[in-house]
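Chemist: The structure that follows is given in the form of structure tokens.
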Amino acid sequence: MKKILSWIGNFIFIAIVLYLCYFIIAAAYHRAPSIFGYRMLRVITDSMAPAFGKGDCIIIEEIGDKELKEGDIITFVSADPALEGAYNTHRVYDIVKDYTTGKTIYFTKGDGNAWTDEYTVLRDDIVGKYVGKVPYGNILSRFLDKLAEQDFYFIVIILPIVICLTSCVVQLVREIRRIR
């Protein structure tokens with residue numbers, strides 16, 4: 001029974017490590033993976049100050065079929081060519097139904113900006129709705145900035161994962177040999 005529990009524990013550990021690898025790879029491609037319908041994002045400008053500012057980490061929730069209203073803060077894939085399809089988080093200031101296409105159009109604006117966003121947002125572009133800030137998110141944000149440095153990333157993330165995964169695979173192979 002101990003062997004089976006050990007094997008299950010190793011399998012769970014490998015699954016967690018692989019999920020962490022997915023998380024890291026998704027972050028490297030500027031896409032925040034969803035965990036139980038929530039995503040954590042780093043704020044890189046002060047366009048939403050004073051609600052939150054550069055260096056904060058925020059949490060957004062996938063909205064599914066929920067209705068949005070004016071005043072909601074949403075994260076969306078921006079159509080602005082300057083942002084190259086990156087996520088943008090701004091407040092909805094107007095919602096219009098386009099009766100020719102049947103689509104809802106959202107007009108957004110950053111709280112800290114004097115101007116409204118030039119490009120509108122469609123429902124399919126919305127990633128989620130702002131829920132709140134991560135406590136001590138600025139410290140986490142600085143750590144994530146440090147991860148952008150290749151040497152630091154390799155030493156802190158990749159090397160320990162490779163060592164743990166290798167150790168776990170070796171233990172798993174030993175357990176499988178014992179069971180036979």
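Chemist: Can you find, among Ile74, Pro33, Thr101, the residue sitting farthest towards the positive end of the charge dipole of segment 28-162, where Lys and Arg contribute +1 and Asp and Glu -1 at Cβ?
Modeler: Pro33
Chemist: Let me test this: with uniform point scatterers at the alpha carbons of segment 35-138, what is the Debye-based log₁₀ I(q)/I(0) at q = 0.17, 0.21, 0.24 1/Å?
Modeler: Results for segment 35-138 at q = 0.17, 0.21, 0.24 Å⁻¹ read -0.76, -1.16, -1.47.
Chemist: Further question on the same structure: Taking Cα atoms, how many degrees apart are the long axis of helix 159-179 and the longest axis of the chain, rounded to 10 and kept between 0 and 90?
Modeler: 50 degrees
Chemist: Here is a follow-up. Using the Karplus curve 6.51 cos²θ - 1.76 cosθ + 1.60 with θ = phi - 60°, work out ³J(HN,Hα) for each residue of segment 52-65 in order, rounded to whole Hz, and write x for Gly and Pro.
Modeler: Per residue, the Karplus-derived 3J(HN,Hα) values read 7, x, 4, x, 6, 10, 10, 10, 10, 10, 4, 9, x, 9 Hz.
Chemist: Still on this structure, please answer the following. Read phi for every residue in segment 10-19 and hand back ³J(HN,Hα) as whole Hz from Karplus 6.51 cos²θ - 1.76 cosθ + 1.60, θ = phi - 60°, with x for Gly and Pro.
Modeler: 5, 4, 5, 4, 4, 4, 5, 4, 5, 5
Chemist: Still on this structure, I have one more. Indicate the gyration tensor shape class of segment 113-179 (rounded, prolate or oblate), computed on the Cα atoms with a ≥ b ≥ c the square roots of the eigenvalues: a/c under 1.5 is rounded; otherwise a/b larger than b/c is prolate and the rest oblate.
Modeler: The shape class here is prolate.
Chemist: Dipole of segment 89-180, Cα-centred, from +1 at each Lys and Arg C-beta and -1 at each Asp and Glu C-beta, to the nearest 20 debye?
Modeler: It works out to roughly 720 debye.
Chemist: Rounded to the nearest 500, what is the 222 nm mean residue ellipticity of the chain from helices alone, with -39500 (n - 2.57) per DSSP H run of 4+ residues and division by all residues? Working shown, then result.
Modeler: Values: 4 runs with 63 residues, N = 180.
So the calculated ellipticity at 222 nm is -11500 deg cm²/dmol.
Chemist: Once you charge only the Cβ atoms, +1 for Lys and Arg and -1 for Asp and Glu, what is the size of the charge dipole of the chain about its Cα centre, to the nearest 20 debye?
Modeler: Computed about the Cα centre, the dipole is about 1400 debye.
Chemist: May I ask you to give the solvent-accessible area per residue for segment 1-120, in square angstrom, as obtained with a 1.4 angstrom probe? Numbers along the way, then the final one.
Modeler: Details: 7650 Å² over 120 residues.
Per-residue value: 64 Å².
Chemist: So if we plug the beta-carbon distance of Leu140 and Ile176 into 1/(1 + (r/R0)^6) with R0 = 45 Å, what FRET efficiency do we get, rounded to 0.05?
Modeler: In this case the efficiency is close to 0.70.
Chemist: For the chain, compute Rg over Rh where Rg is the Cα radius of gyration and Rh is the Kirkwood radius from the inverse mean 1/r over Cα pairs.
Modeler: 1.12
The values are calculated or read from the model by the stated rules, or taken from the named source; none is laboratory data. Model, not experiment: these values are computed from the prediction. Note: ideal-geometry Cβ built from the backbone for every residue, glycine included; neighbour counts use all protein chains shown. With ligands, DNA and RNA removed, areas are computed over all heavy atoms of the protein, side chains included. Shrake-Rupley method; radii C 1.70, N 1.55, O 1.52, S 1.80 Å.
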